[in-house]
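The values are calculated or read from the model by the stated rules, or taken from the named source; none is laboratory data. Bear in mind the structure is a predicted one, so any value in this text is a computation, not a measurement. Reconstructed Cβ throughout: ideal geometry from the backbone, glycine too, with neighbour counts over all protein chains shown. The area values use the complete protein model at the heavy-atom level, side chains included, leaving out ligands, DNA and RNA. Shrake-Rupley method; radii C 1.70, N 1.55, O 1.52, S 1.80 Å.
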Amino acid sequence: MKEVTFKIDGRDCKAEKGQNLIEAAKQNGIFIPTLCYFKHLNPLGSCRVCTVKQNGRTIAGCTVSIDDGMDIEVNTPELLDARKAILEMMFVEGNHFCPSCEKSGDCQMQNLGYETGIRYTRFPHLFVDRIVDARPERIVVNQNRCIKCKRCIEEVITNDGYKVFNFTNRGNQTLVSVDYEQEAKLSESQAEHAMHICPTGSILVKGKSFGKPFGDRQFDNSNANKNIPLTDIKKHKTTNLKKKRIATTSLAGCFGCHMSLLDIDLGILDVIELVEFNKSPLTDIKKFSDRCDIGLIEGGCCNTDNIEVLREFRKNCDVLVSVGECAIWGGLPAIRNTVPLEECLREAYLDSLTSEEDETVIPNHEDIPKILNKVYSNHEVVKIDYHIPGCPPNANHIWNVVKNILFEEEYSISYPEFKYD
Amino acid sequence: MDRTLLLNKLWEYQHKFGFVSKSAIETISKELNVSTIEIESVVSFYHFFHNQPTEKNIIYLNNSIISDLKGFENVKATIEKETGCNFGDYGNSEFSLFETSCIGMSDQEPAALINFQPFTDLTPNKVRKIITKIKNGENVKDFASKTISKIQFTPEDDKTIIFRNYELGKSIKEGIKFTPQEIIDKIYKSKLKGCGGAFFDVGYKWQSCKSNEDTEKYIICNADEGEPGTFKDRAVLQHIPGLVIEGMVLAGYATGAKEGIIYLRAEYQFFKQKLDDLINEFYNQNFLGKNIQKIEGFDFDIRIQLGAGSYVCGAASALIESMEGRRGEPPVRMWSATKHGFKHKPTVVNNVESLAYASRIIELGEDFFLSIGTKETPGTKLISISGDVAKPGIYEIEYGTSIRELLGIEMSQATAPYYVQVSGPSGECVSPAEFDRKICMEDILCGGSFMVFNRTRDILHILRNFMEFFKEESCGVCTPCRAGNFILNEKVKKMQRGLASNDDVNEIKEWGNIIKLSSRCGLGKSSPNSLIYSIDKFKEYFNLKIPPSNESQNVEFDMENAIHEFDSIIKDTQL
Ligand SMILES: Cc1cc2nc3c(=O)[nH]c(=O)nc-3n(C[C@H](O)[C@H](O)[C@H](O)COP(=O)(O)O)c2cc1C
Ligand code: SF4
Ligand code: SF4
Ligand code: SF4
Ligand code: FES
């Protein structure tokens, strides 16, 4: 094979003529994110997270074969943002509750989220009700997590040559469906292969999905010494060094983020040197007594009270930060968003195992807040200045962000600190 | 069975039983030696194939924006009332009702297909009569509407190209006086541009097909005309179909292809028989078949392939997928179709109108063609005008005609035109400030759809209709188009509810651009166009749609709306 020269972002690179761009870039030390791309398959070109420019035209990088003199752009601000946006679309299109996902920590899509530094999605979550199909013999397909990358369709074939998966429907209704007859022919190892090639937690093998213990997760430390670029964090200007006031609250959350706040252990003493707490469950101060520099919000809004508290925080704090997944987009409580409210309430209060017919009601009193039609993320209700991802975010991470915002300290975040689960 | 016959096979089942059953799918998959899911995936892709039983009469009502402004809602309500069914349901004992994307009757809206027979200019009254007749057991074929569109305008006599006298076989007879290469040179010289929307050079396309050594080549006539608002291909196929067939024969002669296929959209199957009859006439007169006009070795056959309801199948690469019996997903582009197209053989895909022009160029000479129109786009163009105009229909205009002329008293007679959509939802919207723009390569091109809206029409309502269309018609294979158009549609809904801020408007532009940048095929690359352009072109309108913003709140959170559901549940469940 002939070696040719081409350019990536203006830099001269060398590769074999006809080589796939993704591989060629990697050899030259340049990373192009991919999800559907799978070495030995013909390029699928379905996910589009590998979008690059070739001689000025945008194209899926995985579909490009290197030719002499090609001019490729990969890391321009426009392309970095477009790729991030495409990944965000995948997050909002499906229902990705990472903390309750078997693949978490081992998931290529999640990992790319970290790589591209997604803290929150610019798009509203769509919360489409999707099925979990447990009918197949060996596997379970969880449509909530499928990104329609087509890998399974092309790669999972029975010994006698039949496809096991295929798309059905079209447009935003497109699904990956299973041929039950063919699936039954798969061997245990073939089924596991299907689970492994799926870049998300959509294909699981029955009885195997918890096989890998948490803590031994392939992506967690793979980039331990790498810092994630959060280039779009803005700098705050404060020169005045007097003690800063903080307020915190937990809305529709589990208090996990607050527990995490306390997790800095003795570090809290340093923090107390720098800041004082106003309204917060940590102090048990119920009402704002002063204007605060920063408000930390855990949890999203699931009832009318949450909305009122959040609005009060916005009024009384200069900077408002959503802490944790629930605050950022609803998180685990938002699992209910894919089901109609009535069904949820009936299930909880009227049709549950312990409720008796005509004995129990859905609680309703003027003193208790009303349940909203869905769980709202905080930035759907008020303006939020920063988002700290994690479920919960780790303590150092939270305080680093806070200190950065308040005192303009140098801010960088290392890979293992950045989590959605 | 050959996989390329799959769509025909599925049509057989669909027509005979009203759906493609599980057992039918099993039978077919055995025959093709593939898993059943593979056939299911094809069935569920196409709008007109059903995988559950439909009733004796299927009504497909067009929900395009033109239908909408001509009374869609009333007609829909009347149909539901008269049949006792709901749209989208599989219905009761007699009717199944579905909405469908533009069916190519924009000059006669609202229109519907009932058992694939056209019924146009519907009114509640007319609907009642039709349903009664059907209930009385009359055959819809006997009282279907005449759909032939009016040719409202042709340039002064000597400049008309398409809609002039037609004599069967004249172009072919003229063409065979030249060598194949000379035919291509003539087309090339005429600068004829493809009329399917991409305006690709026709001569260049023929040449690159000819240059391939392969002995097996194909000419495909793209009659999928799916862009909402266009009906000019139907007009050509109903008025002068012979021109198209001759164009295909000439393309075959020039490139060396021996087989031609007309990919006819399923919506147009009511005139398929007429086309078949004409094709037979061509065979009878030895303009098709073996040794055409006694030229040794000049063989050419034509057959019609029916589509099955999918806009994206109009895109040449998806069309080929569809003809090969697969889902209409535009494949990852590795080669051009002229190199590896249908059955992986060199293939020319040309639009109906392009082929008609090719015939005329050969018949009338390229110099005549070049004497009309503009420098970059010589000749004329067919435009389908619909919407708020007194004279909807087909206009053959000389390239270089301005939008103002098209709207004017001499032509379509628009009343207070305000928003004009040129080339359909995937094209470009035009505001009154741009009415002097000219239809030609040098300024603004028009694929054929020209929809006019007056001042009383709500722009967001129009845009919403377009976004719903793209959401429905996206093939679903790539993320930006599948998810992105859904998300954009949600934004438009938010705007319609009056909850959008300036940020939302900027986001629509940013997000739209990302979809354009990263989508795989032309559908996604153009779907956000109208939305993005309209925001800049109709600033006044959008300013009114955005409530003044508030410092600390992105938008006024809609508390009423958020607790409404809870309140009504509580009302119903308290003891
Ligand atoms: C989403 C999409 C839909 C299209 N629909 C049609 C169509 O309905 N009819 C058509 O002739 N071309 C359509 N095209 C353009 C075709 O891809 C192709 O360019 C054309 O058929 C080539 O013929 P021409 O060069 O004679 O225009 C469509 C393209 C896209 C991307
Ligand atoms: S771990 Fe991966 S598949 Fe699972 S919810 Fe998170 S992103 Fe989705
Ligand atoms: S199931 Fe997994 S491998 Fe298959 S398309 Fe979905 S995300 Fe891709
Ligand atoms: S842009 Fe839309 S229609 Fe085209 S391939 Fe992607 S999903 Fe399919
Ligand atoms: S990796 Fe290239 S499109 Fe998915």
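Averaged over its residues, how many other protein chain Cβ atoms are within 10 Å of peptide A:329-338's Cβ atoms? Mind showing how you got there, number by number?
On the way: counts 0, 0, 0, 0, 0, 0, 0, 0, 0, 0.
Partner-chain Cβ atoms within 10 Å, mean over residues of A:329-338: 0.
Working note: Debye formula, equal point scatterers on the alpha-carbon atoms of region B:382-454, no solvent; log10 I(q)/I(0) at q = 0.12, 0.17, 0.20, 0.21 Å⁻¹ is -0.24, -0.50, -0.72, -0.80. A cut-off of 5 Å between modelled amide H atoms, ignoring neighbours fewer than 5 places along the same chain, links B:Gly387 with B:Val452.
For region B:301-308, the Karplus equation 6.51 cos²θ - 1.76 cosθ + 1.60, evaluated at θ = phi - 60°, returns couplings of 10, 10, 10, 10, 10, 8, x, 8 Hz by residue, with Gly and Pro reported as x. By accessible area, using a 1.4 Å probe on protein heavy atoms only, chain B has 47% of its surface on carbon and sulfur.
Once the Cβ-Cβ distance of A:Lys2 and B:Asn33 is raised to the sixth power relative to R0 = 60 Å, the FRET efficiency obtained is 0.90.
In debye, nearest 20: dipole of chain B around its Cα centre with unit charges on the Cβ of K, R (+) and D, E (-)? Before the final figure, lay out each step's value.
Values: 68 positive and 79 negative charges, 168 e Å.
It works out to roughly 800 debye.
Maximal additional length on extending the B:Lys539-B:Lys509 stretch stands at 9.5 nm, based on 0.36 nm per residue less the C-alpha distance. With the simple model of a label 7 Å out from the Cα in the direction of the Cβ, B:Lys571 to A:Glu308 spans 2.3 nm.
Carbon and sulfur together cover what percent of the accessible area of region A:242-372 at a 1.4 Å probe radius? In region A:242-372, the share of accessible area belonging to carbon and sulfur is 51 percent. Label-to-label distance for B:Gln413 and A:Arg135 is 5.8 nm, based on points extended 7 Å past Cα in the beta-carbon direction. Each residue of region A:58-72 was assigned a 3J(HN,Hα) from its phi angle through the Karplus expression (A = 6.51, B = -1.76, C = 1.60, θ = phi - 60°), giving 6, 7, 6, x, 6, 9, 9, 9, 5, 9, 4, x, 4, 10, 10 Hz with x at Gly and Pro.
Within 10 Å of the Cβ of each residue in A:308-315, the mean number of Cβ atoms contributed by other protein chains is 1.
Relative to the globular-protein estimate of 2.2 N^0.38 Å, the Cα radius of gyration of chain A stands at 1.11. Converting phi to 3J(HN,Hα) with the Karplus coefficients 6.51, -1.76 and 1.60 and the offset θ = phi - 60°, region A:337-349 yields 5, 8, 10, x, 4, 4, 4, 4, 5, 4, 4, 6, 10 Hz in sequence order, with x at every glycine or proline.
Taken over the protein assembly as shown, the convex hull of the Cα atoms encloses 200 Å³ per residue.
With a 1.4 Å probe on protein heavy atoms only, work out how much accessible surface B and A bury together, total over both chains, in Å² to the nearest 100. For B against A, buried area totals roughly 5500 Å². Remark: mean inter-chain Cβ contacts per residue of B:560-569 equal 6, using a 10 Å Cβ-Cβ cutoff to other protein chain atoms.
For region B:436-452, the residues whose backbone nitrogen is under 11 Å from a point 7 Å from the Cα of B:Lys375, taken along Cα to Cβ, are B:442. Were the residues from A:Asn55 through A:His196 laid out at 0.36 nm apart, the gain over their Cα-Cα distance would be 47.2 nm.
Per residue, how much accessible area does the protein assembly as shown have with a 1.4 Å probe, in Å²?
On the way: 40300 Å² over 996 residues.
On a per-residue basis, 40 Å².
At q = 0.15, 0.17, 0.28 Å⁻¹, what base-10 log of I(q)/I(0) does the Debye formula yield for region A:301-367 when every alpha carbon is treated as an equal point scatterer in vacuo? Calculated log10 I(q)/I(0) at the listed q: -0.68, -0.81, -1.21. Dimensions of region B:246-350 based on its C-alpha atoms, expressed as ranges along the principal axes with the largest first, amount to 42, 33, 18 Å.
Summarising the overall dimensions of region A:230-418 from its C-alpha atoms, the Rg and Dmax are 18.3, 64 angstrom. Let's test the formula: R0 of 35 Å, r as the Cβ-Cβ distance of B:Lys274 and B:Gln496. What FRET efficiency results, to the nearest 0.05? It comes to 0.20. Here's how it looks for A:Leu372: its modeled amide H is under 5 Å from those of A:Asn303, A:Thr304, which are all 5 or more places away or on a different chain.
Connecting C-alpha atoms closer than 10 Å in a GNM of chain A, tell me which of A:Pro392, A:Pro340, A:Pro77 has the biggest fluctuation. The residue with the greatest mean-square fluctuation here is A:Pro77. Each part reduced to its alpha carbon centroid, region B:297-318 and region A:50-66 end up 30 Å apart.
Placing unit charges on C-beta atoms (Lys and Arg positive, Asp and Glu negative, everything else neutral), compute the dipole magnitude of the protein assembly as shown about its Cα centre in debye, rounded to 20. List each step's numbers first, then the result.
Working: 119 positive and 140 negative charges, 370 e Å.
In debye, rounded to 20, the protein assembly as shown gives about 1780.
Under unit Cβ charges (Lys, Arg +1; Asp, Glu -1), what dipole magnitude, rounded to 20 debye, does region A:92-205 have relative to its Cα centre? Show your work: numbers first, answer last.
Working: 13 positive and 15 negative charges, 105 e Å.
That gives a dipole near 500 debye.
Using every alpha carbon pair in region B:239-289, what percent of pairs falls into each 10 Å bin from 0 up to the bin containing the largest distance? Answer for region B:239-289: a P(r) of 23, 56, 20, 1 percent.
Mean projected area of the Cα convex hull of region A:122-210, taken over all directions, amounts to 6.3 nm².
Measuring against 23 Å, Cα to Cα, the residue pairs A:Lys370/B:Lys545; B:Lys177/B:Lys290; B:Lys9/B:Lys126; A:Lys103/A:Lys374 contain A:Lys370/B:Lys545; B:Lys9/B:Lys126; A:Lys103/A:Lys374 as the ones spanning a longer distance. For region B:389-517, the residue among B:Leu445, B:Ser501, B:Val477 whose Cα projects farthest onto the positive side of the dipole built from Cβ charges is B:Ser501. Here r is the Cβ-Cβ distance between B:Asn74 and A:Lys39 and R0 is 60 Å; the resulting FRET efficiency, rounded to 0.05, is 0.55.
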